[in-house]
Amino acid sequence: MFLEQKKISEDHVTLKTGVMMLKIQLRITEINYTLTDIHIENMCVHVSLCLQVFAFDHCFWSMDESNIPKYAGQEVVFKCLGEGILENAFQGYNACIFAYGQTGSGKSFSMMGNGEQPGLIPRLCCSLFERVSRDQNQTHSFKVEVSYMEIYNEKVRDLLDPKGSRQSLKVREHKVLGPYVDGLSQLAVMNFEDIESLMSEGNKSRTVAATNMNEESSRSHAVFSVIVTQTLYDLQSGNSGEKVSKISLVDLAGSERVSKTGAAGERLKEGSNINKSLTTLGCVISALADQSAGKGKSKFVPYRDSVLTWLLKDNLGGNSKTAMIATISPAADNYEETLSTLRYADRAKRIVNHAVVNEDPNARIIRELREEVEKLKVQLSQAESLKAPELQEKLQESEKLIQEMTVTWEEKLRKTEEIAQDRQKQLESMGISLESSGIKVGEDKCFLVNLNADPALNELHFFPFHFFTSLMSILVVFVLISDPMQKAVHALEKQYVEEKRVALEEQRLMYERELQSLRQQLSPEKASQHQRCSSFPTHNTHTKLRLWTDERDELFRQSLSRLREQVVRANTLVREANFLSEEMHKLTDYQVTLQIPAANLSANRKVRNVHLKQ
Amino acid sequence: MAANQNTEWRTECEKFRLAQELSEIESRKDPENNPFRSKYKARDLLKEIHCSLKKNHIEEEEGEADNEADGESRQMADGEPGNERGKTCIGDSPAGLRAVRLAVVHYYLGVNHIETEELSAGEQHLMNCMKLIDKCTTTRENVSLFIQARNQLGILWAGRDEIEKAQGFLEIAESMYLLYMREDGQPPLDLQDYFVLEGEELSQQEKIRRFEMAYTHTLYYLAQVYKNLEQYERSGQYCHSTLQRQLEYKQFVPLEWAINAATLSQYYITKTRYMEARHCLAAASVIATLAGEIPSEADAKESDAECEKREELLQKRAEIARCWIKYCLNLMQDAKKLLEDNIGELDLERQEELKRARRNEEEEKEKGRKSTILFGSSDTFDSICSLEEKVSSMLPLDFEEARSIFLVGQSYVAQAKEYFAMDGHVTDHIEILQDHSALFKVLAFFEQDLERRCKMHKRRVDLLEPICKDLNAQYYLLICRQLQFELAETYYEMMDLKLAVADKQDQPDVHTIKKFNHLCSSSMKYYQMFLDSTRSPEGKFPEKLEDDLLRPALVAKFRLARLQSKLISNNLATQLENLTHSLESYSFVVQYCEENPEAKKAVETELELSIEMVSLLPLKINRIRSKMAPCN
């Protein structure tokens, strides 16, 4: 009723957050009324009557054209808002402009403008097509399409549907294409005139609907989207790639009607207001659940985003450029609306999606790293203070450890493989072949194979074996001689301590390596690793090794006789079993078979075997 | 005279009925340019009634002596004699009744003025109304009006930002209800009862319904008042009571009620009140089934209404399932917080201690609390209880307990995913997957076997990795980042576990080392992807990170540095390269914080260690260099 008399003028407030921009422009209408005390200072809108200050990132004052230094015209607004958005779109990002404000406060003037002063949309589209025609060439083609929809009461309707159907469409999400409206028409356009005519076409359909729905149109949002598809061809390879970006222009419903009709029921009022109707209980409860942000608690508040926020969610976070134009009027009787627009715009800042990246607690990583820092520090201080041989030794020791950890297994495997193959050949020449199923021994041959798990002794020892020749089954025996190994290690350690005092640095190192490898051999899993120890006995260690070998042989003999006893016992039992089976007329033949798991017999696993042929 | 009075009365009643109709039904059709047309008409009618009542009032006061009771007062005659508390008038005396009737008109006039945005006039009428009934003792004749007038005044004062004043009115209404129910408890008269002809009074049942409804509103308004006063605990309590009463007096829409109860559970979760949360959820699940059968897909294709109904039912049920998931997840996570030591491992001593403590106290405490929160209408009560029994509301203290909660959570994950499918509901679907992953993660905490723990993390990778690859970052950038970060962390965790397993073996075999390196590089890959997502279209890393990204990005760099130095290689050149990268990453953190001092606070410990590493790593690097030299 009071809106028509106003001359439209403008003022803009914009807001920026990080990479993404949410700009809020504010237009203030004049003029026949007493102006409320609204003024703009340092990106802030001061509303004196209620002593409120609203801060935004950008404020444009465009109330009085004659006030040249202050006045911000359409061109200025476009430069500040539109160009960035367009640039972003050409880089393949989405963009969005919201317009919000009371009817007649200059919203459509900002967005569409008039003949002499085109607004944001025509300027944006003109620049868009200018750039398209400039950049278009053999390798770079453009396609521009538009869609236009209306959201009323959370229902989406296609405003460009040629059949004019009022059917509501579904909003969906696609993992590649993002949020979309299922079945929304998307029409190709060649220039701004096309866009303009489609827009007015859609507006007509919107108006018709509005009269049918009585006052409801002021509570419907309209979304006009321009979809730019760029195709880049690579002439040489014939490949092509596509970049799609979407510019959404959103005309938000005004809030002015809501309070007057008292139909605010569905909406949660701000401030300390109480909602009358129990239908808003959900809002109260969800607000309660939302506010109680327990530390690190994740919760699900099942309040659906409005269709609009849902459709534009990518614009409210991420790389999309988003701006909001909020238009207000400084006229005194629009005071309430102005304030509510400002509040809305202020809140819009907070609509921005913040998807928090939840990180695991760092404690363990920090602790580990602290330890390492300490270690390195110790090394550093020692390296600096004393360059004594002992330190060097320590350093080398730790390096050696690292080296051992880091020698790639491929390399080790390769070496091991070579040795294994040599050995196999040797075995084969003697009539024994290594197979995955076990060891095959030539029909008429009996051998005792060195069983010692000690890989430091590379030589396989074959002992011609003459016991149990009468038995026909092949016994494959795996004995892990850990006791003797420990003794050997112990002996070596003792020698090492003795020698340490006199021996040269290099020798010490050698012992350490030896010692290390021996220790590792103590657990069967690592038995496979350290054959190389045997490959470097030098003249210095030779004597010790021999000593040790003798000792080991002695132990070996002992274990062997133990084994022999066990096999004899087993055979006795077998004979008894066979006897029983015969008695019971069972056609079963019992045999003694001691087995090494086949896995342990693979060529690169250095396990010695005893073959007993019975 | 009686006949005359009757006709006159009939007219008043008709006026009243019309005013109600105008105000409540006609007003919805008022045009935009005259939004209060019907309300104004209603107001005029009410004013007329007021005038004639005033006139009668005086007449009757004069004729009081002959004690001639009219139709209405005869009807009231069987009411109990009011007990005096310094009131000038007994509620159910003829004078009392006349006063109430006038007060009712004032009440409606007050509401009418408030609705037409004339708050002061509205307030005036309501105060008049209160003055009239305050003269009387409280009886079943005026108690309903008493409560409703105060409800209205509460709303009015809250709207003026005088919350304490509003609170005062509402709290008086609350205590009045409680007092009345204790001392009388008979169904009181409704406001409408004062303007109906004999024989057209509301039924007892309807009277009760309206009276209880008025009190339910009192509680609901108090819930809002307390919320605005930031007394969230009390607000939650009053929301809970509101829900209880809706159920008790069958004044609810099943789906709406169910969603509200489910939402309230999320509030309780943040307050670690799991018994209440579980009760809300169980009630939500049960009440949601009252909304009817889900129309079959075939039926949905036939009619739009069926289709919409199907969609709504499926959606709400899936939403309730998602609330259940959060319940299970938080229950386990809270237990983890209690049980973990300073590096996030299960603290066995603490576990024992808590188990002992639980045996002693929990049960006693629960019983007392439980009785006040029950949602019980007799027909649903049993099903609510049996649903509750399916999952514990106590913090799990060992793997078995955690596992049973995990399984319940997992079944709700499956249920929620049915509706929130990837096709059409990308964001929701992924959120559910993230919850599923979080369930595995917290379950892994309770698992003592490292290999099995590692497998649980592998399940997380299997859940998240495929979608992370598919998702278009143009639309889902923030989700992509979350996924990348979580995947990076999960691989890190697995790498740590593999290392721990290998440590136990003393000597890792070739397979383990390969696996270790693979996990390392996978973790690095996702940290790198996360960092790359912050780059500008030209591929430039931002000079200044957004607040949201600051800590995650620097932490990602820091962990990347750590991982780079952890890679195992026997090749000196590769070692050198890895360490050099590591040094670069540490330096990045240090340098960024130098250039942006405000970042220091966000990554204090990481920065401190990065500075150390920047000074120490060159030592290591030089050593490798010197070793390489003789080789060449």
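Summary table
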| read-out | value |
| --- | --- |
| HN-Hα J in Hz across the stretch B:333-347 - Karplus 6.51, -1.76, 1.60, θ = phi - 60°, x for Gly and Pro | 5, 5, 4, 4, 4, 6, 9, 8, 8, 6, 10, x, 9, 5, 9 |
| Taking chain B and dividing mean pair separation by its residue count, relative contact order in percent (alpha carbons under 8 Å, at least six apart) | 7 |
| Förster radius 35 Å - calculated FRET efficiency between B:N472 and B:S383 (Cβ-Cβ, nearest 0.05) | 0.20 |
| Radius of gyration and maximum dimension Dmax of chain B, Cα, Å | 34.9, 129 |
| Relative contact order %, the stretch B:555-632, counting alpha carbon pairs below 8 Å whose residues are six or more apart | 35 |
| Approximate spin-label separation B:K355-B:L179, in nm, with each point projected 7 Å along Cα-to-Cβ | 5.6 |
| Estimated distance in nm for a label pair at A:V378 and A:S141, the labels positioned 7 Å out from Cα along Cα-to-Cβ | 7.0 |
| 5 angstrom amide H check on A:I325, placed H, neighbours 5+ away | A:Q25, A:F98, A:A99, A:Y100 |
| Two-site FRET efficiency, A:V76 against B:K540, from Cβ-Cβ distance with R₀ of 25 Å, rounded to 0.05 | 0.30 |
| Derived scalar couplings ³J(HN,Hα) [the stretch B:537-550; Karplus, 6.51 cos²θ - 1.76 cosθ + 1.60; whole Hz; x for Gly, Pro] | x, 7, x, 8, 6, x, 5, 10, 7, 5, 3, 4, 9, 3 |
| Loop-resident sites, the stretch B:489-575, for GluC sites (Glu not before Pro), counting at most 12 other Cβ within 10 Å (DSSP) | B:E538, B:E543 |
| Whole-Hz ³J(HN,Hα) from phi, Karplus 6.51 cos²θ - 1.76 cosθ + 1.60, for the stretch B:472-483, glycine and proline x | 7, 5, 4, 9, 10, 3, 5, 5, 4, 4, 4, 5 |
| Filtered GluC sites (Glu not before Pro), the stretch B:122-228: DSSP coil and at most 12 other beta carbons within 10 Å | B:E198, B:E200 |
| Alpha carbon centroid spacing (whole Å) that separates the stretch B:260-338 from the stretch B:171-227 | 32 |
| Pairwise Cα inverse-distance average, inverted: Kirkwood Rh of the stretch B:132-249 (Å) | 14.8 |
| Where only C-alpha atoms are counted, convex hull volume of the stretch B:209-259 per residue in Å³ | 64 |
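The numbers here are math on the coordinates, done by the rules we state, and not lab data. What you see is a predicted model, and the numbers here were worked out from it, not measured in a lab. No Cβ is skipped: glycine too gets one built from the backbone with ideal geometry, and neighbour counts run over all protein chains shown.
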